[in-house]
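Student: What follows is a structure written as structure tokens; I'll ask about it next.
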Amino acid sequence: MSSALHTIQTRFTRFLRNPIARPIPTDLPAKRIQIYQDLVFRNLENLLSGTFPVVKNITEPQSWETLVCGFIRDYRATTPHFPLLPQEFLGYLQDLSKNDDLIFDRYPFIWELAHYEWVELDVQIAETPELPQITAATKADNALELNSTAHILAYEWPVHQIGPGFIPTQRPGAPTFLAAFQNAAADCEFMSLTPLAALLLENIERHRTCSLADHVALLAQQHDALSQQSLFDDAVNLVDRMRRRGLVLCPRGQANSSEKRS
């Protein structure tokens, strides 16, 4: 690449990133530059609006535009894939939180809300898992594993309730636990979790070859206030319910028919 071409490209891209502070390159037609500037902003704004509709709807239009422009101007994304830019936007918001940006004064939950919305995209674009039909209750010796698309989520804010009609101003005393996963219809499904259910799912994720009995024994160590029999009954009910939803699976041949849902 010639030095002249590199200089033109550098001035051009710097202007596209920051048209307010950077001068319009004099060696390029102003009308054409304006077209590119509009395309960069509108394409990225459309992508982020589709991924983070609640974040956009609860923020003032000027605040949302400032976020998008700041992302274009200040953040150096590492992915070459346009559909993966929403995940980079999470990194941008995280950087803003470290710098005590004013938007976190008004919307202290904005990163968690954005992450919650991004999870839906991540689940939807994941490879569709094979979910077996449930033909029998879970037994103590059945090994357990998570749906490969699952996210086990813990937030300080009730992100699943936030919207234009509900914008919390004080952090709740208890965290919010959720699971997101791709169901048999290849749709993203969210499930609210109790603390016990969230801990069980985290244990299943970490210990993929353990049986239900192993998980009950582990829960008994983590919850010494509850009897192991009570934990076993609760765990069986939880696992059976989550297996019916497709969130928890038994490896092929463990407890179910190998027949797949159509």
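The values are calculated or read from the model by the stated rules, or taken from the named source; none is laboratory data. All of these numbers come straight from a predicted model, not from anything done at the bench. All Cβ positions, glycine included, derive from the backbone under ideal geometry; neighbour counts span all protein chains shown.
One line per residue, one yes/no per condition, for (1) hydrophobic (A, V, I, L, M, F, W, C); (2) closer than 17 Å to Phe190 by Cβ; (3) in contact with a Lys or Arg (Cβ under 6 Å, 6 or more places away or on another chain):
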residue: Leu102; (1), (2), (3): yes, no, no
residue: Ile110; (1), (2), (3): yes, no, no
residue: Leu121; (1), (2), (3): yes, yes, no
residue: Pro129; (1), (2), (3): no, yes, no
residue: Ala136; (1), (2), (3): yes, no, no
residue: Lys139; (1), (2), (3): no, no, no
residue: Ala143; (1), (2), (3): yes, no, no
residue: Gly163; (1), (2), (3): no, yes, no
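Student: Let me ask something else. Among the candidates Pro129, Pro86, which residue alone is assigned to a helix (DSSP H, G or I) and either among the hydrophobic types (A, V, I, L, M, F, W, C) or over 20 Å from Pro164 (Cβ atoms) (or both)? So that I can check it myself, show each step before the final result.
Tutor: Numbers: Pro129 fails: assigned to a helix (DSSP H, G or I).
Residue meeting the stated conditions: Pro86.
Student: Which ones in the stretch 95-154 are of a type in the set (A, V, I, L, M) and touching a Cys at 6+ places or on another chain (Cβ under 6 Å)? Steps first, please.
Tutor: The first filter runs over the stretch 95-154 and keeps only residues of a type in the set (A, V, I, L, M), leaving 96, 102-103, 110, 113-114, 119, 121, 123, 125-126, 131, 134, 136-137, 140, 143-144, 146, 150, 152-154.
Correct list: Val123 only.
Student: Quick test of your reading of the structure: Val119 fulfils all but one of (1) modelled with pLDDT of 95 or more; (2) closer than 21 Å to Glu156 by Cβ; (3) out of contact with any His (no Cβ under 7 Å at 6 or more places or on another chain). Name the failing condition by number.
Tutor: (3)
Student: I've got another one for you. If I go through the stretch 170-188 residue by residue, how many of them are more than 30 Å from Asp105 (Cβ to Cβ) and either among the polar types (S, T, N, Q) or touching a helix residue (DSSP H, G or I) at 6+ places or on another chain (Cβ under 7 Å) (or both)?
Tutor: Step one: filter the stretch 170-188 for residues more than 30 Å from Asp105 (Cβ to Cβ), giving 179, 181-188.
With the extra rule that they be either among the polar types (S, T, N, Q) or touching a helix residue (DSSP H, G or I) at 6+ places or on another chain (Cβ under 7 Å) (or both), the set shrinks to 179, 181-183, 188.
Number of matching residues: 5.
Student: Which one of these is in a loop (DSSP other than H, G, I, E, B), surrounded by 14 or more Cβ atoms within 10 Å (Cβ to Cβ) and not assigned by TED's automatic domain parsing to the domain that holds Pro83: Ala184, Ala197, Ala217? If you could, list the steps in order and put the result at the bottom.
Tutor: Numbers: Ala197 fails: in a loop (DSSP other than H, G, I, E, B); Ala217 fails: in a loop (DSSP other than H, G, I, E, B).
Step by step, each of Ala184, Ala197, Ala217 is checked, and only Ala184 is in a loop (DSSP other than H, G, I, E, B), surrounded by 14 or more Cβ atoms within 10 Å (Cβ to Cβ) and not assigned by TED's automatic domain parsing to the domain that holds Pro83.
Student: Also, quick follow-up: So which residues in the stretch 200-214 are within 27 Å of His160 (Cβ to Cβ) and either buried (at least 17 other Cβ atoms within 10 Å of the Cβ) or polar (S, T, N, Q) (or both)?
Tutor: Leu200, Leu201, Asn203, Ile204
Student: For residues in the stretch 178-211 being polar (S, T, N, Q) and closer than 21 Å to Gln133 by Cα, which is nearest to the chain's Cα centre (by Cα)?
Tutor: Gln182
Student: Now for a different question. Within the stretch 160-182, work out how many residues are under 13 Å from Met242 (Cα atoms) and in contact with a Leu (Cβ under 7 Å, 6 or more places away or on another chain).
Tutor: Adding up the residues that qualify gives 4.
Student: Another question, if that's okay. Cβ-Cβ below 6 Å, separation at least six or inter-chain, first residue in the stretch 95-111 and under 20 Å from Val54 (Cβ atoms), second of a type in the set (Phe, Trp, Tyr): which pairs?
Tutor: Within 6 Å, the pairs are Ser97/Phe104; Ser97/Trp111; Phe109/Trp157.
Student: Check Ala213, Ala220, Ala185 and return the single one that is of a type in the set (Gly, Ala, Ser) and in contact with a Leu (Cβ under 7 Å, 6 or more places away or on another chain).
Tutor: Every option except Ala220 fails the conditions.
Student: If you don't mind, another one. Restricting attention to the stretch 244-262, which residues are loosely packed, with under 15 Cβ neighbours inside 10 Å, modelled with pLDDT under 90 and out of contact with any strand residue (DSSP E or B) (no Cβ under 6 Å at 6 or more places or on another chain)?
Tutor: Selection gives Arg252, Gly253, Ser257, Ser258, Glu259, Lys260, Arg261, Ser262.
Student: Restricting to the stretch 69-127, name every residue that is among the small types (Gly, Ala, Ser), more than 27 Å from Gly246 (Cα to Cα) and in contact with a Leu (Cβ under 7 Å, 6 or more places away or on another chain).
Tutor: Selection gives Ala77 alone.
Student: Next up: Out of everything in the stretch 1-21 that is over 18 Å from Glu65 (Cβ atoms) and in a loop (DSSP other than H, G, I, E, B), what residue ends up being modelled with the lowest pLDDT?
Tutor: Here the residue is Met1.
Student: Let me ask something additional. Across the stretch 37-83, which residue is modelled with the lowest pLDDT among those that are among the acidic types (Asp, Glu) and assigned to a helix (DSSP H, G or I)?
Tutor: That would be Asp38.
Student: Right, next: Which ones in the stretch 208-243 are modelled with pLDDT under 90 and among the β-branched types (Val, Ile, Thr)?
Tutor: Scanning the stretch 208-243 gives a single hit, Thr209.
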